[in-house]
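Taking it in order: structure first as structure tokens, then the write-up.
The values are calculated or read from the model by the stated rules, or taken from the named source; none is laboratory data. If you're wondering where the values come from, they're calculated on a predicted model, not measured in any experiment. Cβ: placed from backbone, ideal geometry, glycine included. Neighbour counts: every protein chain shown.
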Amino acid sequence: MLEPKNIPLAQLHINLGAKIVPFAGYNMPVRYSSDLDEHHAVRNSVGIFDVSHMGEFSVKGKGSLELLQFVTTNDVSKLTNGKVQYSCLPNGKGGIVDDLLVYKIADEEYFLVVNASNIEKDWNWINSQNTFGAELKNLSDELCLFAVQGPKAILAMQKLTSLNLSSIPYYAFEIGDFAGNKNILISNTGYTGAGGFEVYIPNHLAENVWHKIMEAGAEFGIKPIGLGARDTLRLEKAYCLYGNDIDDTTSPIEAGLSWITKFSKKFVDSDKFEKQKKEGVQKKLVGFKMIERGIPRSHYAICDATGNKIGDVTSGTQSPTLGIGIGMGYVAINQSVIGSKIYISVREKLIEAEVVKTPFL
């Protein structure tokens, strides 16, 4: 078993009193104060996440578009310079290698952001499919990534750049000055649904930039936020987490990701997925709310009224915003209709829940 790696600002987080846990091959801050406080800080004001464990690849040159069109499900040809696309990498067996973001920097120049636990796997997979002559570079160890999230994020960050942040649409980015540095990529993306920006910082500048963001956000009560709140924030918006809600055994059609699966082109597994879309699937990822008191957790069984198992919870929590248990899981297609009653097995007791439309917020 490999020892978890440290992110570049590991000591800073220890000094801030963070509880550090191994996550996706890295020692990561899970919380600084409480998950509840940190969750509400992001929903209501502003928080900063150090998510420098995420992976980044550069894909350039002739063949870069062709490669990305082949390895990802979304239609990369629709991206214009300065835009970002959510997508996934099919594994050739009807499952998902990873979900990712594709940034179009310029013609024949792209920037991919992948999950920390899958950096090596994704790198090897994309390279194994590169018969198109694209130039690939793994930048994961060179960059820090800060997600400044929440409704006040824009007010805090605008102090640090001459770019007009309010003119950057959702899933778009600009490259410019930030916190006294040039050529910083700032994107209107995030994993919280609370609004805000993500900034990619060369490692040697990261600590200084972190402090400047904290200073700029002080008047809005900015807080450092850990992975605990990140999970409850993303689940309230029903964003998939790789390894929980999607993995090498789930297809994007089953996972409700048909909207990023475009059959206007040929790509890895496109025939399989197109068949699923036409003929239907046997199981589907649904969102549910607890009707009775109880907190659903990953791997809890989902049952019907007679106690027969019909699926598994993939993600679950007590929603800090709604004050009830919420979750996602795969169920048989006939149990996936909005309003269907399902039961979550919590400590061998069946707790009633209802399939609902997502996102929860």
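Computed quantities for the displayed model
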{"quantity": "Residue within region 189-199 that is more than 30 Å from G325 (Cβ to Cβ) and either in contact with a Gly (Cβ under 6 Å, 6 or more places away or on another chain) or of a type outside the set (D, E, K, R) (or both) present", "calculated": "yes"}
{"quantity": "Pick from region 311-354, criterion of a type in the set (V, I, T) and modelled with pLDDT under 95, ranking: nearest to A238 (Cα to Cα)", "calculated": "I333"}
{"quantity": "Residues that are polar (S, T, N, Q), outside any strand (DSSP E or B) and closer than 20 Å to G221 by Cα, drawn from region 128-160", "calculated": "Q158"}
{"quantity": "Filter result for Q276 (more than 24 Å from D231 (Cβ to Cβ), at pLDDT below 95, surrounded by 16 or more Cβ atoms within 10 Å (Cβ to Cβ) and polar (S, T, N, Q))", "calculated": "no"}
{"quantity": "Pairs where the first residue, in region 74-94, is within 19 Å of S128 (Cα to Cα) and the second is surrounded by fewer than 18 Cβ atoms within 10 Å (Cβ to Cβ) and of a type in the set (A, V, I, L, M), C-beta under 7 Å, 6+ apart", "calculated": "S87/I260; C88/I260"}
{"quantity": "Tally, over region 318-333, of residues that are touching an Asp or Glu at 6+ places or on another chain (Cβ under 7 Å), part of a strand (DSSP E or B) and more than 27 Å from Q282 (Cβ to Cβ)", "calculated": "0"}
{"quantity": "Residue that is nearest to L241 (Cα to Cα), among those in region 133-190 that are out of contact with any strand residue (DSSP E or B) (no Cβ under 9 Å at 6 or more places or on another chain) and among the small types (G, A, S)", "calculated": "S166"}
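For every residue, the table says whether it meets (1) under 15 Å from I201 (Cα atoms); (2) crowded, with 22+ Cβ neighbours inside 10 Å; (3) not assigned by TED's automatic domain parsing to the domain that holds N183.
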position	(1), (2), (3)
K104	no, yes, yes
E109	no, no, yes
I126	no, yes, yes
G133	no, no, yes
P151	no, no, no
